[in-house]
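The structure under discussion is supplied below as structure tokens; questions concerning it will follow.
Here, each number is a calculation from the coordinates, and none is a lab measurement. What you see is a predicted model, and the numbers here were worked out from it, not measured in a lab. We place every Cβ from the backbone using ideal geometry, glycine too, and count neighbours over all the protein chains shown.
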Amino acid sequence: MRDSFDVIVVGAGLAGLVAATELADAHKRVLILEQEPEQSLGGQAFWSLGGLFFVNSPEQRRMGIRDSHALALGDWLGTAGFDRDVDRWPRRWAEAYVDFAGSEKRAWLHAMGMRWFPVVGWAERGGFLATGPGNSVPRFHITWGTGPGVVAPFEQRVREAVARGRVELRFRHRVTGLTTTGGAFDGVTGEVLVPSQAPRGHASSRETAGEFTLRAQAVIVTTGGIGGNHDLVRAAWPQRLGTPPKKLLSGVPAHVDGLMLGITEAAGASRVNGDRMWHYTEGIENWNPIWARHGIRILPGPSSLWLDATGRRLPVPYFPGFDTLGTLEHIMSTGHEYTWFVLTQKIIEKEFALSGSEQNPDLTGKSVREVLKRALPGAPGPVEALKRHGVDFVVEPELGGLVKGMNALTGEGLIDEARLRSEIEARDREIANTYTKDLQVTAIRGARNYIGDKLVRTAAPHRLLDPKAGPLIAVRLNILTRKSLGGLETDLEGRVLAPAPTSDGGEQRGEPLPGLYAAGEAAGFGGGGMHGYRSLEGTFLGGCLFSGRTAGRAAARATA
Ligand SMILES: Cc1cc2nc3c(=O)[nH]c(=O)nc-3n(C[C@H](O)[C@H](O)[C@H](O)COP(=O)(O)OP(=O)(O)OC[C@H]3O[C@@H](n4cnc5c(N)ncnc54)[C@H](O)[C@@H]3O)c2cc1C
């Protein structure tokens with residue numbers, strides 16, 4: 001079947017694999033082109049925690065969580081904050097996605113053998129009013145096997161399709177152009193890269209060994225976002241978030257280079273909402289890095305005291321795990337790019353989870369025995385290793401030593417011991433007070449009303465200066481790049497649109513570009529930005545699944 005294809009899929013991440021399986025099921029001949037070597041198949045999803053957003057799932061119901069489509073859609077819209085003309089398609093994608101997450105998504109994945117950790121996580125808790133941003137209920141379902149467990153069923157289906165002769169995989173093929181005939185997209189051009197033994201996730205060589213031109217009836221772009229390309233991240237950094245950070249950690253491998261987005265735009269595609277990005281504020285340097293500037297995101301429980309670089313508590317509602325974007329916006333207004341968590345050993349043991357499949361070997365390895373060990377005293381192994389070896393950690397029995405360590409770490413001397421002590425003592429007094437005015441203390445108590453948080457995610461309220469809870473720990477938190485929320489504008493079939501004409505006065509809409517589709521992060525997970533400004537979390541992998549499936553099915557219908 002060489003060089004005769006119905007559809008070319010550019011990028012073998014999750015969105016590309018899903019699109020290809022749909023096409024193969026529809027008896028199409030598919031070519032998947034991937035710039036990385038075979039060992040990196042699956043892209044970012046392999047490294048992910050495998051957290052999926054479901055609405056009203058059996059896992060939620062078993063934990064006593066009452067969720068509904070109306071609640072989830074309200075949460076989504078309050079979180080997205082759609083406010084632009086170009087949000088027409090993103091909003092429709094958001095509605096379609098919430099429908100999917102509350103209906104066939106789980107059953108579809110379950111039928112492929114996927115299962116989820118029984119304790120549902122509560123990400124992005126909001127802290128605003130009922131119509132504001134945030135999840136009203138826990139919805140973050142960690143896949144048994146984490147990211148590799150999400151990739152596996154699709155990789156298996158693709159490999160079966162390869163065996164049937166429906167799919168061909170060509171690695172080290174880097175697409176650099178799109179071809180058209182008579183206005184219809186009908187192929188790609190690119191460079192063959194030299195073979196690479198770079199282990200999964202490591203940067204691979206960009207040395208070329210040749211060129212290619214390949215034709216098909218349609219092309220699907222599933223090349224991911226821009227998070228690994230800090231020049232693009234800084235160029236897209238919006239004014240509302242201040243000046244771009246000088247120091248950024250990378251939460252994604254180097255292949256998330258964003259170059260194909262520019263290539264597709266130059267070929268006539270509409271690219272929208274590039275200024276909407278989902279970067280984290282709790283990034284720590286990986287002491288054992290896989291890719292350059294490798295940062296790990298702490299998924300925090302609610303109890304750590306969150307301080308700016310000068311030692312002042314962040315304002316309400318910027319508590320750990322409440323509002324990623326709002327916290328980022330606040331941090332960037334302080335004139336310093338880093339912040340601190342101050343916590344106790346008791347808190348780290350229960351509340352620090354690390355995002356990434358390699359940081360959760362128990363869940364990734366599907367070992368019930370190892371997972372159960374999380375209930376034992378002591379922090380999970382990878383958390384303890386970071387505490388010991390990570391450059392961002394200070395551990396001391398007394399506050400005086402902690403402050404010295406914090407000041408030595410930054411070399412800036414911005415933390416005043418007396419002021420921090422009085423801040424912590426004031427907070428600690430509220431712990432003894434049943435009728436607290438401190439909203440973080442209220443939030444901690446509220447979290448423990450949820451059995452899942454009480455069991456594994458929220459430490460029993462205690463004084464930070466209680467020596468029995470110690471030692472004290474300070475963690476310097478950096479900005480960590482991760483997801484692109486904007487991308488190629490697509491309609492509900494995943495067809496890439498041309499930019500809307502600007503001259504006519506009526507409703508402006510770009511027409512679909514014949515033969516060109518996009519899915520996954522490259523398409524802003526659908527529509528060019530179905531998350532709007534913020535995410536409810538666990539919505540990215542799901543966004544790849546939904547938009548990859550949609551684009552694959554639509555391209556299958558459209559090709560002869
Ligand atoms: C550590 C980590 C934890 C995460 N945890 C979660 C989570 O718990 N829940 C969640 O929902 N999301 C999570 N995510 C996000 C999620 O994994 C990604 O958003 C998603 O996997 C993106 O998939 P994709 O297929 O769109 O793009 P990618 O995975 O980036 O794949 C794109 C592929 O295209 C290839 N490519 C790019 N350009 C070209 C070109 N020009 N020619 C050929 N090939 C090209 C790339 O090499 C890559 O293999 C996490 C991400 C990371 C890194």
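What is the spin-label model distance, in nm, from Arg61 to Arg170 if the labels are put 7 Å beyond Cα along the C-beta direction?
Rounded to a tenth, the inter-label distance reads 4.9 nm.
Per residue of the chain, what 222 nm ellipticity follows from adding -39500 (n - 2.57) for every DSSP H run with n ≥ 4, rounded to the nearest 500?
-9500 deg cm²/dmol
Moving on to the next point. May I ask you to list the lysines whose Cα is less than 30 Å away from that of Lys246, ignoring any residue fewer than eight positions away on the same chain?
Lys387, Lys404, Lys483
Using +1 at the C-beta of Lys and Arg and -1 at the C-beta of Asp and Glu, which of Ser535, Gly520, Ala443 has the Cα lying farthest in the positive direction of the dipole of the range 416-560?
Ala443
Ignoring the sites themselves, what is the longest stretch of the chain with no GluC sites (Glu not before Pro) in a DSSP loop and at most 10 other beta-carbon atoms within 10 Å?
208-506
Placing unit charges on C-beta atoms (Lys and Arg positive, Asp and Glu negative, everything else neutral), compute the dipole magnitude of the range 69-165 about its Cα centre in debye, rounded to 20.
Working: 12 positive and 10 negative charges, 62 e Å.
With only Lys, Arg, Asp and Glu charged at Cβ, the dipole is about 300 debye.
What does the charge add up to near Thr208, with Lys and Arg as +1, Asp and Glu as -1, over the other residues with Cβ less than 11 Å from its Cβ?
Here the count lands on 0.
Next question. Report, to the nearest 10°, how far helix 417-431 tilts away from the longest principal axis of the Cα atoms in the chain, using its own Cα long axis and a range of 0 to 90°.
Approximately 90 degrees, to the nearest ten.
To continue, here is another question. Using only alpha carbon pairs under 8 Å that are at least six residues apart, calculate the relative contact order of the chain and give it in whole percent.
Relative contact order for the chain comes out at 23 percent.
How big is the dipole moment of the chain about its Cα centre under a simple scheme where the beta carbon of each Lys and Arg is +1, that of each Asp and Glu is -1, and everything else is neutral? Debye, nearest 20, please.
Value, rounded to 20: 1260 debye.
What's the magnitude of the charge dipole for the range 281-480 around its Cα centre, counting Lys and Arg as +1 and Asp and Glu as -1 at the beta-carbon? Answer in Debye, nearest 20.
Values: 25 positive and 25 negative charges, 134 e Å.
Dipole size: approximately 640 debye.
Residues of the range 120-139 with the amide nitrogen closer than 20 Å to a label point 7 Å from the Cα of Ser68, along Cα-to-Cβ, please.
So the set is 129-139.
Cross-link list Lys105/Lys247; Lys346/Lys437; Lys105/Lys350; Lys350/Lys437; Lys28/Lys105; Lys105/Lys346: which exceed 27 angstrom alpha carbon to alpha carbon? Numbers along the way, then the final one.
Details: Lys105/Lys247 38 Å; Lys346/Lys437 23 Å; Lys105/Lys350 31 Å; Lys350/Lys437 25 Å; Lys28/Lys105 24 Å; Lys105/Lys346 37 Å.
The pairs that break the limit, which is 27 Å between Cα atoms, are Lys105/Lys247; Lys105/Lys350; Lys105/Lys346.
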